[in-house]
């Protein structure tokens, strides 16, 4: 069949090195820990058991010391933010529940203390948080408001007489909801509430609020409800928190960006309340960064399992009468899995770019507004597209394994169920893409700097209005398209990287220009009319954002591929990476082939080559499918999926041996079909002889 | 915002009548039963509890008498096959576990006895099966072979001395796997095994095999293993069955299509073993028919929940400074949900067509080969596309409900997890679409009648080679396209039904013709080369099959719409149905817009209208979203989702009332943002005054 003609000779370790990137050492340490039985959840549906097991995993993580990597050197850490995140992402291998619960504890609870608190607060709470001694919640989301954090209803009103804040849930919709660590284990919570002092509402700030006593009972004024069963992440104890006039000392305000003096005077290093709010939220970008990486890890695991099975499983005879065909040799199987492998390579390598941005900003190497905005845009767009991709990938992998894919012991359904909520938490993906789209518009034209109309736009607009623009690089693209779409380029073969880049980037450029043209009249409209106009372009805005993020990912993959340009000793790996890049690029182009034709970027003749070229690339890459997933760096102790470790091959060998022996026996039955054919042939001969 | 301009006045009951179709009464009775607490599973992850609860549901179903509808009148039934299936599908409302476990018991176990057994066997086992007194399994699938039933390894060797069959699992891969009712409750199993007698293997036949004694212990020679936890359907006790020389009486062979006399002589009313095999399997088409309908029911439930929430939930302010926008008013939200509603209408109405086919064949009204083949093709194609659609729909609904969508109490994740396996059981969807594609080819040209090369094709080919062709209607299409693609049609507006039909059908026609042209050389090739050629077209074959099935669904929707042509009293319902048809049609066209342009079917100008027209249709239909889902006919007792019944509205009302009262108080805090703006304005005025 189509696959096995002369696959390339590639070394999975060489590709693995590229994929694991700059923080490979942390990744490998974390993978080893994730294979430790102490971090692996039990096979049960019992919430209590799963939650306790996940808590043990959190403690094992803390005991490993990895949770301190991101602390400043003054607190015994290594200021290694990306290294911490890279390792943390790999805890998905143990279980996504562990990743999320640990993320709540160390990234959100600990992270908020670190990034929003002062030195005294660090001394008091940061060490216990990062050691796992003080379990905490991150109480931002309310039932009534998720992505729209500015509209939270919880209040923290300062009482100068007592020098205390009074935390209150003023109505049921303001209850903190889906809060991890709340239902069972949290002793404290970072509560986001509207800070009110001296008659002024200063907007959302973060407060350290104890919620349970040493015996685990809720403290007075605090109501905790259990969210119960969920579609996944059963090891995380999500719950609902309400506050009925709970008093905390003034010094429990995490006051890096806003403080209240004893007499109630408010002060902040940032004058503008809007900018202050977004700066505070910006410190929490780590969550999105790590979800992007976690989704890559889950995608790798799923593909590793499905490909290993697909390389052994046989079904239906084809080229031979007796030997059944290996699934991976079927074209449709290749079309289902190989583009997903290419996408996972792109997502992994783009994630490396994101980690670099993250490290630059958080280490202090470059924490300019511009660098922060690039980071936030990348994090929003990558998180949205990679988490969606992970769900699609895990589902395709599960289906590619048939009924076996549905068994919990093969992990695919569990991973998918757990990852499901990644697409709506830490920023709903649809909202995040609108944020990206909004910034594209602002970068395209100064007139959109002050864009402030319509739904999400109002929310998204606030920050950029006062910031200098980040550089999406669109302006450059705009200039070069004219030169690039020359007859010379038009003659390039469809696998030309230059052609892919021009197609992908010129699409972004045209979409943004079109959008800008259609939205321009809004500036002179009433608020209601402008909102309506904006809403009519929402779908296109989301599409443009997606196109831009895909371009960034393609560029990351392309760049990584070119690092092999001067490594002639790895020619086959380089060739493989080129196939991966082309498959990813052409898959993106095929998905919007109608656009590329309608806008005159691709002739119909060229467009017709795309599908067959994808088929050929899939077949070629399928010849190395085993090495491509081996490069992900997981072993049986990380995969933990029965079907991925040769059991299918063993069963086939047993069956083949059985038939071999059976055929040798004298009493081996004749197939009725053979007799039937003989009989028909005979009767035909007789009738023609007559 | 975009939605609320003058929605139409439509009566959900009128649309509901159309959707519920000919077997509305059975549907409604089943919905009432599915709201009965006796059929509703408990909120737990405990397998034992869930399995017992599901068993109770099965017994409640039997007690309701509905499980006898499909029995012949001679056995106290009503020969009402479609009515039975229509009601049975609605058990998804109680839980998909119940639907599947009941499907195993009554549809597969009971159905096999009914369709493959003789009168004596009916007398002995059919009544106890349909009353739920005799719990049984349907043991077809083996670990080593799922969709390729002909290759099963289990043997039933006749021993004339004892007048018994000896059932054996000759190697581990031949163990019966994922068998419902096996792990806990089944007392007997219909076992599919290669029948061997007098030295000849007559292929797969079905045998009645007791597997447990009265106390529930496995009988001698029978090994039962529990499949444990799965990605869903936790109420179904799937397990693995192996047979070690288990002896059953000769009369336990279900002998309608093949019998063995006491002396071991084999006889069958169907000479050809291939045709006999497919005729036997054909009697089991009911499973696919009911999965198609069950997937429609699940889609309806998901959309009902998500739309009700989307009509109440507000997020971000837009046209007003204070009032947040209802989710359903956002264009992107409309684009996410409205095409799925249109698709669900199409799937529901196409399912009615399938039920009509099913009833014609199974009632005996027309059980010609041709009618059977139309039924089998429809069942395969509809089941594949509708179950995939259900997964996408449930996922989109869950995401549209944000974090609340992830809570089990809102049902969306549970429904999705349960439905997941529908896409690979009762025929893997990818295999089913190849079956459809294969028949399209055979219908296109006589030279493909004997197609027998390459992978799945070999399996799929066997039957058609000896049957007369079914009529896909493709030949007609081929003739009319030339006439239809005239300038006159080209001037029709993009919402013309004729234009949609021509685009959709001419695409099928061209794809099949292209495929046929590319595959033609295979006839003269070696087996290996032909297999390779066939494999290179597998992706296109699947795409062509999908295009054909989508056309059939569009036609079902179009036809249903036209039943309102002469009902002027329901003009608004008719207009709504036209919008639904256009949205469905244009969505299908947009998905392959590149193809329609490349093949010259749509000019680029016309193609550019498609997207904006879809946006407008979504906005218009969103104005009636509430009525569109109300037409599905479910109440709170069927939905059982917390967020679908007004709790969100209540919380918003409370919040609004809180703010209203708070603003009236003297100490209501001023927003710092307002002060900041005033201060900036003031300083600008001062600096300009200087």
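The values are calculated or read from the model by the stated rules, or taken from the named source; none is laboratory data. Computed from a predicted structure; not experimentally measured. Because the Cβ atoms are built from the backbone with ideal geometry, glycine has one as well, and the counts that use them run over all protein chains shown.
Given the criterion buried (at least 24 other Cβ atoms within 10 Å of the Cβ), in a helix (DSSP H, G or I), at pLDDT below 50 and not assigned by TED's automatic domain parsing to the domain that holds residue A:551, identify the matching residue among A:456, A:436. Give the derivation first.
Details: A:436 fails: at pLDDT below 50.
Just one listed residue meets the conditions, A:456.
Among what's in region B:662-674 and is out of contact with any helix residue (DSSP H, G or I) (no Cβ under 9 Å at 6 or more places or on another chain), in a helix (DSSP H, G or I) and within 10 Å of chain A (Cβ to nearest Cβ), pick the residue that is farthest from residue A:265 (Cα to Cα).
Applying the filter and picking the extreme gives B:662.
Being more than 13 Å from every other protein chain (Cβ to nearest Cβ), within 21 Å of the chain's Cα centre (by Cα) and under 30 Å from residue B:324 (Cα atoms) is the requirement here; does residue B:639 meet it?
On the way: more than 13 Å from every other protein chain (Cβ to nearest Cβ): yes; within 21 Å of the chain's Cα centre (by Cα): yes; under 30 Å from residue B:324 (Cα atoms): yes.
Yes; evaluated as a whole, the condition is true for this residue.
So residue B:566 passes all but one of these: (1) over 22 Å from residue A:611 (Cα atoms); (2) crowded, with 21+ Cβ neighbours inside 10 Å. Which condition number does it fail?
(2)
Is it true that residue A:464 is touching a helix residue (DSSP H, G or I) at 6+ places or on another chain (Cβ under 6 Å), within 26 Å of residue B:673 (Cβ to Cβ), modelled with pLDDT of 95 or more and more than 10 Å from chain B (Cβ to nearest Cβ)? Before the answer, list the steps.
On the way: touching a helix residue (DSSP H, G or I) at 6+ places or on another chain (Cβ under 6 Å): yes; within 26 Å of residue B:673 (Cβ to Cβ): yes; modelled with pLDDT of 95 or more: no; more than 10 Å from chain B (Cβ to nearest Cβ): yes.
The answer is no for residue A:464.
Please verify whether residue A:590 is within 9 Å of another protein chain (Cβ to nearest Cβ), surrounded by fewer than 18 Cβ atoms within 10 Å (Cβ to Cβ), touching a helix residue (DSSP H, G or I) at 6+ places or on another chain (Cβ under 6 Å) and touching a residue at least 12 places away in the same chain (Cβ under 8 Å), treating the condition exactly as stated.
Numbers: within 9 Å of another protein chain (Cβ to nearest Cβ): yes; surrounded by fewer than 18 Cβ atoms within 10 Å (Cβ to Cβ): yes; touching a helix residue (DSSP H, G or I) at 6+ places or on another chain (Cβ under 6 Å): yes; touching a residue at least 12 places away in the same chain (Cβ under 8 Å): yes.
It is true that residue A:590 is within 9 Å of another protein chain (Cβ to nearest Cβ), surrounded by fewer than 18 Cβ atoms within 10 Å (Cβ to Cβ), touching a helix residue (DSSP H, G or I) at 6+ places or on another chain (Cβ under 6 Å) and touching a residue at least 12 places away in the same chain (Cβ under 8 Å).
Could you check region A:527-541 and list, in sequence order, the residues that are farther than 16 Å from residue A:448 by Cβ and either more than 7 Å from every other protein chain (Cβ to nearest Cβ) or surrounded by fewer than 17 Cβ atoms within 10 Å (Cβ to Cβ) (or both)?
Matches in region A:527-541: A:528, A:529.
Is it the case that some residue within region A:236-257 is within 24 Å of residue A:370 (Cβ to Cβ) and in the same structural domain as residue A:175 (by TED's automatic domain parsing)?
Looking for residues that are within 24 Å of residue A:370 (Cβ to Cβ) and in the same structural domain as residue A:175 (by TED's automatic domain parsing), one finds at least one in region A:236-257, hence yes.
Could you name every one of the helices (runs of 4 or more DSSP H) located completely within region A:1-85 that has at least 3 residues being over 29 Å from residue A:284 (Cβ atoms) and out of contact with any strand residue (DSSP E or B) (no Cβ under 6 Å at 6 or more places or on another chain)?
Values: elements: A:12-20, A:24-34, A:47-63.
Where helices (runs of 4 or more DSSP H) fall fully within region A:1-85 and carry at least 3 residues being over 29 Å from residue A:284 (Cβ atoms) and out of contact with any strand residue (DSSP E or B) (no Cβ under 6 Å at 6 or more places or on another chain), they are A:12-20.
Need the failing condition index for residue A:418 against (1) in a helix (DSSP H, G or I); (2) at the interface with another protein chain (Cβ under 9 Å from one of its Cβ atoms); (3) over 26 Å from residue A:530 (Cα atoms), just the number.
(2)
Can you go through B:215, B:131, B:151 and tell me which one is free of Cβ contacts under 8 Å to residues at least 40 places away in the same chain and either over 29 Å from residue B:274 (Cα atoms) or not assigned by TED's automatic domain parsing to the domain that holds residue B:261 (or both)? Walk me through it before giving the result.
Numbers: B:131 fails: free of Cβ contacts under 8 Å to residues at least 40 places away in the same chain; B:151 fails: either over 29 Å from residue B:274 (Cα atoms) or not assigned by TED's automatic domain parsing to the domain that holds residue B:261 (or both).
Just a single option satisfies the conditions, and that option is B:215.
With B:373, B:434 as the choices, which residue is within 14 Å of chain A (Cβ to nearest Cβ) and more than 12 Å from the chain's Cα centre (by Cα)? Give the steps one after another, and end with the answer.
Working: B:373 fails: within 14 Å of chain A (Cβ to nearest Cβ).
Being within 14 Å of chain A (Cβ to nearest Cβ) and more than 12 Å from the chain's Cα centre (by Cα) holds for just one of B:373, B:434, which is B:434.
Working carefully through the options B:141, B:91, B:54, find the one that is under 15 Å from residue B:180 (Cβ atoms), surrounded by fewer than 22 Cβ atoms within 10 Å (Cβ to Cβ) and under 25 Å from the mean Cα position of the chain (by Cα). Walk me through how you get there before you give the answer.
On the way: B:91 fails: surrounded by fewer than 22 Cβ atoms within 10 Å (Cβ to Cβ); B:54 fails: surrounded by fewer than 22 Cβ atoms within 10 Å (Cβ to Cβ).
Selected residue: B:141, the only one of B:141, B:91, B:54 that is under 15 Å from residue B:180 (Cβ atoms), surrounded by fewer than 22 Cβ atoms within 10 Å (Cβ to Cβ) and under 25 Å from the mean Cα position of the chain (by Cα).
Can you give me the number of residues within region B:218-237 that are assigned to a loop (DSSP other than H, G, I, E, B) and facing chain A (nearest Cβ under 9 Å)? Don't jump to the end; show me each part of the working.
So in region B:218-237, the residues assigned to a loop (DSSP other than H, G, I, E, B) come out as B:219-221, B:227-229, B:231-237.
With facing chain A (nearest Cβ under 9 Å) added as a condition, the list becomes B:227-229, B:231-234.
Total meeting the criteria: 7.
Exactly one of these conditions fails for residue A:445: (1) surrounded by fewer than 24 Cβ atoms within 10 Å (Cβ to Cβ); (2) within 11 Å of chain B (Cβ to nearest Cβ); (3) touching a helix residue (DSSP H, G or I) at 6+ places or on another chain (Cβ under 7 Å). Give me its number.
(2)
Check B:381, B:403 and return the single one that is part of a helix (DSSP H, G or I) and in contact with a strand residue (DSSP E or B) (Cβ under 7 Å, 6 or more places away or on another chain).
On the way: B:381 fails: in contact with a strand residue (DSSP E or B) (Cβ under 7 Å, 6 or more places away or on another chain).
Answer to the check: B:403.
Can you spot a residue in region A:675-689 that is surrounded by 20 or more Cβ atoms within 10 Å (Cβ to Cβ), part of a helix (DSSP H, G or I) and in contact with a helix residue (DSSP H, G or I) (Cβ under 6 Å, 6 or more places away or on another chain)? Before the answer, list the steps.
Our first condition is that a residue be surrounded by 20 or more Cβ atoms within 10 Å (Cβ to Cβ); within region A:675-689, this holds for none.
No, because not a single residue in region A:675-689 is surrounded by 20 or more Cβ atoms within 10 Å (Cβ to Cβ), part of a helix (DSSP H, G or I) and in contact with a helix residue (DSSP H, G or I) (Cβ under 6 Å, 6 or more places away or on another chain).
Filtering region A:306-323 down to residues that are within 37 Å of the chain's Cα centre (by Cα) and within 11 Å of chain B (Cβ to nearest Cβ), which residue is nearest to residue B:531 (Cα to Cα)?
Going through region A:306-323, the residues within 37 Å of the chain's Cα centre (by Cα) turn out to be A:306-316.
Now drop any that are not within 11 Å of chain B (Cβ to nearest Cβ), which leaves A:313-316.
Values: A:313: 18, A:314: 15, A:315: 14, A:316: 12 Å.
The extreme case among them is A:316.
On the given criteria, is residue B:360 away from chain A (no Cβ under 14 Å), surrounded by fewer than 24 Cβ atoms within 10 Å (Cβ to Cβ), modelled with pLDDT of 95 or more and more than 17 Å from the chain's Cα centre (by Cα)? Let's see the steps before the verdict.
Details: away from chain A (no Cβ under 14 Å): yes; surrounded by fewer than 24 Cβ atoms within 10 Å (Cβ to Cβ): yes; modelled with pLDDT of 95 or more: yes; more than 17 Å from the chain's Cα centre (by Cα): yes.
Criteria met by residue B:360.
Kindly indicate which of B:247, B:240, B:275 is part of a strand (DSSP E or B) and within 14 Å of another protein chain (Cβ to nearest Cβ).
Details: B:247 fails: within 14 Å of another protein chain (Cβ to nearest Cβ); B:275 fails: part of a strand (DSSP E or B).
None of the others qualify; the one that does is B:240.
Being farther than 20 Å from residue A:412 by Cβ and not in a helix (DSSP H, G or I) is the filter here; which residues of region A:315-359 pass it?
Residues satisfying the conditions are A:316, A:317, A:318, A:319, A:320, A:321, A:322, A:323, A:324, A:325.
Which of the residues spanning region B:188-214 are modelled with pLDDT of 95 or more and part of a loop (DSSP other than H, G, I, E, B)? Give the steps one after another, and end with the answer.
Filtering region B:188-214 down to residues modelled with pLDDT of 95 or more leaves B:188-213.
B:198, B:199, B:211, B:213 - these are the residues of region B:188-214 that are modelled with pLDDT of 95 or more and part of a loop (DSSP other than H, G, I, E, B).
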